[in-house]
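Novice: Below: one structure in structure tokens.
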């Protein structure tokens with residue numbers, strides 16, 4: 001696993017990464033609060049602890065590339081450039097939401113950002129990512145489709161079918177496995193015969209690597225290399241080793257793991273470690289952090305205000321967007 | 001006297017529709033199991049690989065979920081894919097993609113993303129292929145909002161439904177009853193696109209309305225000929241599209257004949273025939289002279305033995321018998 005501790009980092013860039021991780025963290029903390037207050041309903045899956053994965057990875061993609069994500073995708077959407085207000089309005093079920101209140105937390109879409117969900121069937125996004133990449137290939141476009149999924153998806157047939165097809169047709173898909181060790185409440189070694197996810201790629205002749213998903217710089221570097229490989233010749237599987245600090249969803253009593261395990265991982269948290277490292281290197285002052293926090297707080301307040309000012313779609317419009325073309 | 005026109009088979013009509021679509025639109029491509037080198041499991045795409053090359057006639061692995069999902073993604077990415085699933089039986093392996101993605105993405109994304117995808121598949125029983133290769137699930141797929149379901153039952157529709165389906169911005173599932181591939185008819189030289197949302201009256205009649213689709217159309221027309229000998233004139237309606245359903249054509253006929261017989265190769269319980277029956281009750285109850293009647297597949301996994309399979313499926317004789325009793329038993 002590559003590590004970047006001690007490697008030089010440019011200050012502006014480092015602060016941008018830190019800022020993005022803090023944005024995701026604070027946004028989700030606000031979501032949890034609003035969930036408890038009954039403003040957000042349905043399922044809400046928090047990404048807290050895994051921020052370095054989305055921030056590092058999306059940083060390494062270009063605006064023309066596509067992103068396919070899972071139901072734990074608020075962070076990916078935010079750093080991909082989905083407007084925070086529209087994101088929050090979606091969770092409020094408002095017409096101003098990025099999916100007009102039709103998707104909610106699990107189905108964030110933004111065509112302009114080439115953000116294709118928000119897929120809540122484990123493994124269901126992988127074939128779609130293969131198809132997006134196929135469309136690029138057939139139309140002669142040099143773009144990457146980055147497909148995020150959890151290690152739970154690796155047990156699904158769609159993972160294997162998709163890796164095979166992408167490799168067979170040499171399609172530009174970057175498979176990004178966020179391995180947070182638990183498929184809901186089932187630990188990886190209790191559900192998979194091979195717990196090194198990246199090792200699965202060899203069976204499909206797909207190049208692969210594993211990276212510390214708690215280290216934002218390592219993720220960024222690994223994704224940059226992986227994306228370059230994809231642009232040159234076909235799919236790549238990158239395993240990002242990470243950990244979810246919060247429960248699977250708001251309904252999860254967390255009976256399947258110990259407090260001490262969570263605490264040990266929290267000590268390795270992507271924000272706390274990156275902050276300490278930047279301080280040690282003299283790249284981060286208290287004032288920087290205060291300014292980031294203030295800026296992020298303002299952005300989130302604005303997002304919540306936007307969502308609160310949203311309008312519920314009239315029930316008379318219930319049937320819109322089932323079809324593009326209404327039947328005569 | 002005009003020269004006799006050559007007959008075209010249902011299979012050839014589909015192939016011609018595919019060829020024309022590929023020629024006219026570079027975004028169109030075909031993918032599925034054995035569509036290329038093998039020529040298609042039912043020989044529909046025979047010769048197209050040589051004509052269009054492996055980039056546009058794509059043989060896929062036996063990975064229904066992946067290649068249907070890839071069709072969805074490619075459609076989202078600006079292509080106009082035609083995915084062939086060898087038979088409806090195997091479509092169950094891709095049900096997640098069809099139902100959870102193709103049917104939902106447009107709505108779930110608030111209208112931002114659409115899936116202009118055509119999925120073709122063979123359907124139906126009648127060839128002694130036993131339970132796992134004899135499903136008729138088109139009525140079941142018609143349950144799903146977000147999909148359009150078409151069932152070409154004639155050579156003309158085999159030729160004309162594909163271009164319309166490709167022009168449609170929504171996912172369209174096209175069910176080709178496997179017993180129809182050898183059906184032949186004369187096609188006009190300018191045969192082309194037809195609508196995909198209207199039912200068609202295939203035979204005019206005054207005594208009762210027989211409402212059917214797909215592989216059962218021919219059986220209903222045969223039954224109508226049998227009935228005509230007894231002076232019973234059946235109007236035969238081919239639904240053509242199972243979603244959306246053309247209520248207007250059905251109701252117009254039923255209001256006139258005052259009797260409705262539904263013929264459906266799907267199982268009776270929860271069938272498309274049940275849905276049409278309900279719509280007739282809701283909208284034309286007081287116009288009826290008799291309860292709506294149904295001839296459906298028996299509630300059994302389709303058996304192998306010929307006589308058992310025949311007994312499980314609607315047949316011209318059972319359709320005619322149901323029609324006679326519908327006409328005789330009520331005033």
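Novice: I'm checking my understanding of the structure. Among residues of segment B:93-111 that are touching a helix residue (DSSP H, G or I) at 6+ places or on another chain (Cβ under 8 Å) and surrounded by fewer than 24 Cβ atoms within 10 Å (Cβ to Cβ), which one is nearest to the other protein chains (Cβ to nearest Cβ)?
Specialist: B:96
Novice: While we're on this one: Out of A:58, A:130, A:68, which single residue is within 10 Å of chain B (Cβ to nearest Cβ), closer than 22 Å to residue A:216 by Cα and modelled with pLDDT of 95 or more?
Specialist: So the residue among A:58, A:130, A:68 that is within 10 Å of chain B (Cβ to nearest Cβ), closer than 22 Å to residue A:216 by Cα and modelled with pLDDT of 95 or more is A:68.
Novice: For segment A:152-164, check the following and say yes or no: at least one residue is at pLDDT 95 or above, more than 10 Å from chain B (Cβ to nearest Cβ), out of contact with any helix residue (DSSP H, G or I) (no Cβ under 7 Å at 6 or more places or on another chain) and surrounded by fewer than 24 Cβ atoms within 10 Å (Cβ to Cβ).
Specialist: The answer is yes, given that some residue of segment A:152-164 is at pLDDT 95 or above, more than 10 Å from chain B (Cβ to nearest Cβ), out of contact with any helix residue (DSSP H, G or I) (no Cβ under 7 Å at 6 or more places or on another chain) and surrounded by fewer than 24 Cβ atoms within 10 Å (Cβ to Cβ).
Novice: I would also like to ask the following. Looking at segment A:86-101, which of its residues are surrounded by 24 or more Cβ atoms within 10 Å (Cβ to Cβ) and part of a loop (DSSP other than H, G, I, E, B)?
Specialist: Within segment A:86-101, A:97, A:98, A:99, A:100 meet the criteria.
Novice: Is it the case that residue A:269 is over 20 Å from residue A:149 (Cβ atoms) and surrounded by fewer than 16 Cβ atoms within 10 Å (Cβ to Cβ)?
Specialist: Working: over 20 Å from residue A:149 (Cβ atoms): yes; surrounded by fewer than 16 Cβ atoms within 10 Å (Cβ to Cβ): no.
Against the criterion (over 20 Å from residue A:149 (Cβ atoms) and surrounded by fewer than 16 Cβ atoms within 10 Å (Cβ to Cβ)), residue A:269 does not qualify.
Novice: Please go through segment A:30-48 and pick out each residue that is part of a helix (DSSP H, G or I) and surrounded by fewer than 22 Cβ atoms within 10 Å (Cβ to Cβ).
Specialist: A:30, A:32, A:33, A:34, A:35, A:36
Novice: Within segment A:165-186, identify whether any single residue is surrounded by 15 or more Cβ atoms within 10 Å (Cβ to Cβ), in contact with a strand residue (DSSP E or B) (Cβ under 8 Å, 6 or more places away or on another chain) and on the phi > 0 side of the Ramachandran plot, and answer yes or no.
Specialist: yes
Novice: Do we have any residue at all in segment B:133-150 that's touching a residue at least 12 places away in the same chain (Cβ under 8 Å), under 26 Å from residue B:78 (Cβ atoms), more than 13 Å from every other protein chain (Cβ to nearest Cβ) and touching a helix residue (DSSP H, G or I) at 6+ places or on another chain (Cβ under 8 Å)?
Specialist: yes
Novice: Shifting gears a bit: Could you grab me the full set of residues in segment B:158-184 that are surrounded by fewer than 24 Cβ atoms within 10 Å (Cβ to Cβ) and more than 12 Å from chain A (Cβ to nearest Cβ)?
Specialist: B:160, B:163, B:166, B:178, B:179, B:181, B:182, B:183, B:184
Novice: Sticking with this structure for a sec: Please give the number of the condition residue B:81 fails out of (1) surrounded by 24 or more Cβ atoms within 10 Å (Cβ to Cβ); (2) more than 14 Å from chain A (Cβ to nearest Cβ).
Specialist: (2)
Novice: Here are the criteria: (1) at the interface with another protein chain (Cβ under 8 Å from one of its Cβ atoms); (2) surrounded by fewer than 24 Cβ atoms within 10 Å (Cβ to Cβ). Tell me which single one residue B:126 does not satisfy.
Specialist: Only one criterion in (1) at the interface with another protein chain (Cβ under 8 Å from one of its Cβ atoms); (2) surrounded by fewer than 24 Cβ atoms within 10 Å (Cβ to Cβ) is unmet by residue B:126, namely (1).
Novice: Can you name the residue in segment B:41-82 that is outside any helix (DSSP H, G or I) and over 23 Å from residue B:24 (Cα atoms) and is also nearest to the chain's Cα centre (by Cα) among such residues? Write out each step before concluding.
Specialist: Filtering segment B:41-82 down to residues outside any helix (DSSP H, G or I) leaves B:41-47, B:53-63, B:77-82.
If we keep only those that are over 23 Å from residue B:24 (Cα atoms) too, we end up with B:41-42, B:60-63.
On the way: B:41: 18, B:42: 16, B:60: 24, B:61: 26, B:62: 24, B:63: 24 Å.
In this case the residue turns out to be B:42.
Novice: If you don't mind, another one. Which residues, taken from segment B:282-331, are in a loop (DSSP other than H, G, I, E, B), free of Cβ contacts under 8 Å to residues at least 60 places away in the same chain and touching a strand residue (DSSP E or B) at 6+ places or on another chain (Cβ under 6 Å)?
Specialist: Scanning segment B:282-331 gives B:292, B:299.
Novice: Determine which single condition residue A:213 fails, assuming it passes every other condition in (1) surrounded by 18 or more Cβ atoms within 10 Å (Cβ to Cβ); (2) within 14 Å of another protein chain (Cβ to nearest Cβ); (3) touching a helix residue (DSSP H, G or I) at 6+ places or on another chain (Cβ under 9 Å).
Specialist: Here residue A:213 meets the rest and fails (2).
Novice: Also: Looking at segment B:1-37, which of its residues are out of contact with any strand residue (DSSP E or B) (no Cβ under 8 Å at 6 or more places or on another chain) and surrounded by 12 or more Cβ atoms within 10 Å (Cβ to Cβ)?
Specialist: B:11, B:12, B:13, B:15, B:17, B:19, B:20, B:26, listed by residue number.
Novice: Report the residue count in segment A:289-319 for those that are under 26 Å from the mean Cα position of the chain (by Cα) and within 22 Å of residue A:104 (Cβ to Cβ).
Specialist: The qualifying residues number 11.
Novice: In addition: Please enumerate the residues belonging to segment A:96-125 that are closer than 20 Å to residue A:167 by Cβ and either more than 7 Å from chain B (Cβ to nearest Cβ) or more than 17 Å from the chain's Cα centre (by Cα) (or both).
Specialist: A:123, A:125, listed by residue number.
Novice: Among the numbered criteria (1) within 10 Å of chain B (Cβ to nearest Cβ); (2) touching a helix residue (DSSP H, G or I) at 6+ places or on another chain (Cβ under 8 Å); (3) surrounded by fewer than 24 Cβ atoms within 10 Å (Cβ to Cβ); (4) closer than 19 Å to residue B:93 by Cβ, which one does residue A:143 miss?
Specialist: (4)
Novice: Right, another one. Pairs, please: C-beta under 6 Å, at least 6 apart or cross-chain, first residue within 12 Å of chain A (Cβ to nearest Cβ) and in segment B:45-61, second in a loop (DSSP other than H, G, I, E, B)?
Specialist: Pairs that qualify, where the first residue is within 12 Å of chain A (Cβ to nearest Cβ) and the partner is in a loop (DSSP other than H, G, I, E, B), are B:59/B:36; B:60/B:33.
Novice: So, in segment B:83-92, how many residues would count as being under 8 Å from residue B:121 (Cα atoms) and either outside any helix (DSSP H, G or I) or touching a helix residue (DSSP H, G or I) at 6+ places or on another chain (Cβ under 6 Å) (or both)?
Specialist: 4
The values are calculated or read from the model by the stated rules, or taken from the named source; none is laboratory data. Note that this is a predicted model, so its numbers are computed, not measured. FYI the Cβ positions are ideal-geometry reconstructions off the backbone, even for glycines, and counts take in every protein chain you see.
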